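The values are calculated or read from the model by the stated rules, or taken from the named source; none is laboratory data. None of the values given here were measured: they were computed from a predicted structure. Positions of Cβ are generated from backbone atoms using ideal geometry, with glycine treated the same way; all protein chains shown enter the neighbour counts.
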Amino acid sequence: MMRSPQSLRNGGVEPHPDPHFHSTVSLRKLRRLNALIFVFRLAAFSFSLAAAVFMLTNIRGSSPPHWYDFDAFRYVAAANGIVALYSLFEMGASVWEISQGLTLFPEVLQVWFDFSHDQVFAYLLLSADSAGTALARALKGMNTCAGNDAFCVQSDISIALGFAGFLFLGLSSLLSGFRVVCFVINGSRFHL
C-alpha cells in the first residue's frame, strides 16, 4: 500500500527500505560483544592448550607413573586438546565476523552452532578435569606422589589450567546464549 505524501507530512512514518538496518550505536555494541567473545575464546584456547601440553609432557624418567598409565589423565589430555582445537576454530570464526561483519555460516546456523558446541565442550572439559582431580587426590592419598613430586605437581598444574579453560569457555557460552536469545527475539541479526 502506497502512502500519499500528505499522510507522511502529517505524522506518518515511511518504512525503512532495509530491514537489516542497524544504528551506529548497535553496530558498536555488536562489535564489542564479538570482541569480548573473541577474548574469552582466546583465553579458553590458551588455557586448554597449556593444560594439554602440561599433561602430554608429564613424563619423568623411565619409572612409572606416567600420565598415560591413568585413564583420567588421558581423558584430561584429550579433552583439553579437543577444546583447544574447537576454540582455535571459533577464534577464526570470530575474527571473520569482526572483520567482515558476516557470520561464517548462515546466521541461524552460526548462533546455534556456537551455543550448542560451547555447552558440549564446556561440560566435556568440566568432567575431564573433575576426573583428573579425583585421580590426583587418590594418588596423593596412596602416597604415590611421595617419591615423584614433579609428576604430581605437573598433573595438578594441568588440571588447574583445564579448569581455567572451562571458566573462559563457560563465559563464552553465556555470551553465545545471549546471542541465541537475541536472535530468537529479533529473528535476525540481534539489536542490542
Query raised in the report: Can you name the condition, by its number, that residue 120 falls short on among (1) surrounded by fewer than 17 Cβ atoms within 10 Å (Cβ to Cβ); (2) over 19 Å from the mean Cα position of the chain (by Cα)?
Result: (2)
Query raised in the report: In this structure, does residue 121 turn out to be outside any loop (DSSP other than H, G, I, E, B), modelled with pLDDT under 85 and under 19 Å from residue 50 (Cβ atoms)?
Result: no
Query - Residues being under 19 Å from residue 174 (Cα atoms) and not polar (S, T, N, Q) - total across the stretch 99-116 - result: 8
Requested in this report: Determine which single condition residue 104 fails, assuming it passes every other condition in (1) in contact with a Lys or Arg (Cβ under 9 Å, 6 or more places away or on another chain); (2) of a type outside the set (Gly, Ala, Ser); (3) not in a helix (DSSP H, G or I).
Outcome: (1)
Query raised in the report: For the stretch 90-115, what are the residues that are closer than 16 Å to residue 44 by Cβ and of a type outside the set (A, V, I, L, M, F, W, C)?
Result: 90, 92, 94, 114
Query raised in the report: In this structure, does residue 184 turn out to be under 17 Å from the mean Cα position of the chain (by Cα) and surrounded by fewer than 18 Cβ atoms within 10 Å (Cβ to Cβ)?
Result: no
